[in-house]
Amino acid sequence: MLRIGIIGCGNIAGTLAATMLKMSDRITIEAVASRDKSKSEEFASRFDVKKAYGSYEELYKDPDVDLVYIATPHAFHAEQMLEAIEHGKNILAEKAFCINAGEAEEVFNAAAEKKVYVGEAIWTRYMPSRKMINDIIRSGRIGKVTTITANLGYKIIHKPRISDPALGGGALLDIGVYPLNFVLMATEGDQIKSIAGLAVKSESGIDLRNTINLTFESGTMAEIFSDSECVSDRKGWIYGTEGSIEVENVNNPERIRIYSADRNPVLLETITIEHEINGYEYELDTAAEAIANNKLEPEAMPWRETLRVLRITDALRSVWGIKLGSELKG
């Protein structure tokens with residue numbers, strides 16, 4: 001039984017807590033912590049959590065907590081993970097994992113030294129849909145992949161975690177990482193040859209929306225966009241010389257459609273994706289299994305891939321002149 005302590009009491013923490021309750025045969029929520037104890041007490045009451053703390057340190061020191069799930073704004077992730085690791089805790093941290101690759105490297109080095117598990121909770125990396133898509137590509141059914149497009153847009157600019165640079169705001173780190181990961185999963189093993197991108201910035205200095213263009217050593221090209229001010233169709237397309245794959249909702253794949261390579265493409269197959277619970281269970285099960293087997297990182301999202309994503313977003317933000325979180329102090 002994996003005993004979890006939750007840091008933060010926002011919407012995503014509530015979603016994961018509700019998921020954990022449905023996994024009671026293998027997971028228990030041992031504690032929740034917030035700097036505002038009334039929030040942790042309300043959260044504990046709502047999700048039947050055993051202990052409610054008014055500080056994160058109390059949770060880190062709890063000997064009954066095996067893993068700390070971090071659901072705070074990503075500007076605080078590095079500091080919180082380092083403190084949890086110092087207390088010997090395993091970690092599952094929401095995306096974006098950190099503000100930049102430098103912070104993530106410090107976390108991974110500390111985790112390796114303490115021999116604790118650390119995983120990034122970007123749920124699409126752990127879902128069965130990933131294998132389904134990759135199996136279709138590997139089968140040769142759509143031929144050689146030439147072009148990939150992916151987009152994600154939500155009207156969430158009003159949320160402080162998006163609008164505030166100090167919290168790590170912007171479309172790229174909160175929304176754009178999903179279509180970016182979609183492309184990187186579909187091109188697994190392929191090395192990036194070039195990166196380019198554009199962004200529209202707010203007066204506060206975060207990216208409201210952005211586009212990213214990638215080329216790979218194989219010749220595959222990808223075009224990505226994310227937007228914090230509009231709702232997009234959220235689709236991913238993988239085009240090949242012998243057909244194409246349409247993925248409905250790159251943030252949480254719902255259906256996969258395979259088309260022919262005809263000038264007027266013919267729909268050949270539709271695959272509807274179903275989950276045991278809601279899709280979040282896979283990252284939790286992965287963490288439990290890895291910890292039970294003394295593994296320090298998840299195979300579905302190894303540390304090198306978390307760093308790869310952050311190095312891409314670091315490079316783009318450097319060109320766009322965007323600093324976030326701890327970078328603002330420099």
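Please state which one of K61, K51 is among the basic types (K, R) and either in contact (Cβ under 8 Å) with a residue 24 or more places away in the chain or under 25 Å from L324 (Cβ atoms) (or both).
None of the others qualify; the one that does is K61.
Write out, first by first residue and then by second, each pair whose Cβ atoms fall under 7 Å of each other, whose residues are 6+ apart or on separate chains, and whose first residue, in the stretch 295-307, is buried (at least 19 other Cβ atoms within 10 Å of the Cβ) while the second is in a helix (DSSP H, G or I) and of a type in the set (F, W, Y).
E297/W303; W303/F108
Does Y280 count as in contact with a helix residue (DSSP H, G or I) (Cβ under 6 Å, 6 or more places away or on another chain) and aromatic (F, W, Y)?
Criteria met by Y280.
Against the condition outside any loop (DSSP other than H, G, I, E, B), crowded, with 19+ Cβ neighbours inside 10 Å and out of contact with any strand residue (DSSP E or B) (no Cβ under 7 Å at 6 or more places or on another chain), how does R161 come out, does it pass?
no
Can you tell me which of A75, A93 is over 19 Å from A292 (Cα atoms) and under 19 Å from the mean Cα position of the chain (by Cα)?
Exactly one residue qualifies, and that residue is A75.
In the set E94, E105, which member is in contact (Cβ under 8 Å) with a residue 40 or more places away in the chain, charged (D, E, K, R), surrounded by fewer than 21 Cβ atoms within 10 Å (Cβ to Cβ) and touching a helix residue (DSSP H, G or I) at 6+ places or on another chain (Cβ under 9 Å)?
It is E105.
Just so you know, all these numbers are worked out from the coordinates, no wet-lab data involved. Remember, it's a predicted structure, so these values are computed and weren't measured experimentally. Cβ: placed from backbone, ideal geometry, glycine included. Neighbour counts: every protein chain shown.
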